[in-house]
Amino acid sequence: MANHSQLNFQDASSPIMEELTEFHDHALMVALAICSLVLYLLSLMLMEKLSSSTVDAQEVELVWTILPAIVLIMLALPSLQILYMMDEIDEPDLTLKAIGHQWYWSYEYTDFKDLSFDSYMLPTAELPQGNFRLLEVDHRVVVPMESPIRVIITADDVLHSWAVPSLGVKTDAIPGRLNQTSFITTRPGIFYGQCSEICGANHSFMPIVVESAPLTYFENWSSFLSS
């Protein structure tokens, strides 16, 4: 959960988000090195007079041609690796279907016979003490911890987007189309997200709450709702 004056990402709660955070730090260091080099060269040009022989040197031209290519490779290789990791869905333990409506989410646990519900934002007047305003819902999505979860995402009316930042998940919900993503929660907890597509007047009132719990708790919860 993000807090006030937070400048960095939320604490990672999935392996994909950990990789994304590391890549962000890696790209930030590369950008910092480039900015430092450009600032140094600008200050050098202002303070010293460069001769024409230095400017026309073939060695300099070779360096400023090869160096950007090396920098792009340093950014492209880890980026492509993470991209393929995010698209890889291999034998999930649980499949969850999320359907976006104006303006709430419906969930279906397709591995169970009768396990589905709608998830609405709790109004401020009904919000229990200590819960987050505009983020808490009446029915949370409960998933087993440390298990591969596949999420099939679609919409019933307009474009939506199912996003949970701490899990590194953000997938568009498009009417008439099924998109899918996956995640693994590495720790128990409650993770908050919101619809990240401008879908209408109540766009900001479509919260997403994922509760990660041990397998025994999930089995008891699913048995209770299915009965």
*Can you run phi through the Karplus equation (6.51, -1.76, 1.60; θ = phi - 60°) for segment 158-168 and list ³J(HN,Hα) in whole Hz, with x for Gly and Pro?*
10, 5, 10, 8, 8, 9, 10, x, 5, 9, x
*Determine the share of segment 94-226's accessible area contributed by carbon and sulfur atoms, expressed in whole percent, with a 1.4 angstrom probe.*
51 percent
_Relative contact order of the chain, please, whole-number percent, based on alpha carbon pairs below 8 angstrom and at least 6 residues apart._
21 percent
*Run the 1.4 Å probe and let me know the accessible area of Val60, rounded to the nearest 10 Å².*
60 Å²
*How far is helix 15-47 tilted, in degrees, relative to the longest principal axis of the Cα atoms in the chain, given as a value from 0 to 90 rounded to the nearest 10?*
20 degrees
*In square angstrom, what is the accessible area per residue of segment 15-87 with a 1.4 angstrom probe?*
81 Å²
*Dipole magnitude of segment 94-226 about its Cα centre, charges +1 at Lys/Arg Cβ and -1 at Asp/Glu Cβ only, in debye to the nearest 20?*
300 debye
*asked:* Probe radius 1.4 Å, ligands and nucleic acids ignored: give me the carbon and sulfur share of the accessible area of segment 15-87 as a rounded percent.
replied: 74 percent
*asked:* For the full complex of protein chains and a 1.4 angstrom probe, list Phe23, Phe224, Phe205 by accessible area with the highest value first.
replied: Phe224, Phe205, Phe23
_Listed peptides 27-39, 6-18 by packing density, highest first (mean Cβ within 10 Å)_ = 6-18, 27-39
*Bin by bin, in steps of 5 Å, what percent of the Cα pairs in segment 15-87 do you find, going until the bin that has the longest distance?*
3, 13, 17, 19, 15, 11, 9, 7, 5, 3, 1
*Counting only heavy atoms of the protein chains, get the accessible area per residue of segment 94-226 (1.4 Å probe) and round it to a whole Å² value.*
48 Å²
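The values are calculated or read from the model by the stated rules, or taken from the named source; none is laboratory data. Note that the coordinates shown come from a computational prediction; the quantities given were computed from them, not determined experimentally. Cβ coordinates were reconstructed from backbone atoms using ideal geometry, including for glycine residues, and neighbour counts include every protein chain displayed. For the accessible areas, the whole protein counts, side chains as well, though only heavy atoms, and no ligand, DNA or RNA atoms are used. Shrake-Rupley method; radii C 1.70, N 1.55, O 1.52, S 1.80 Å.
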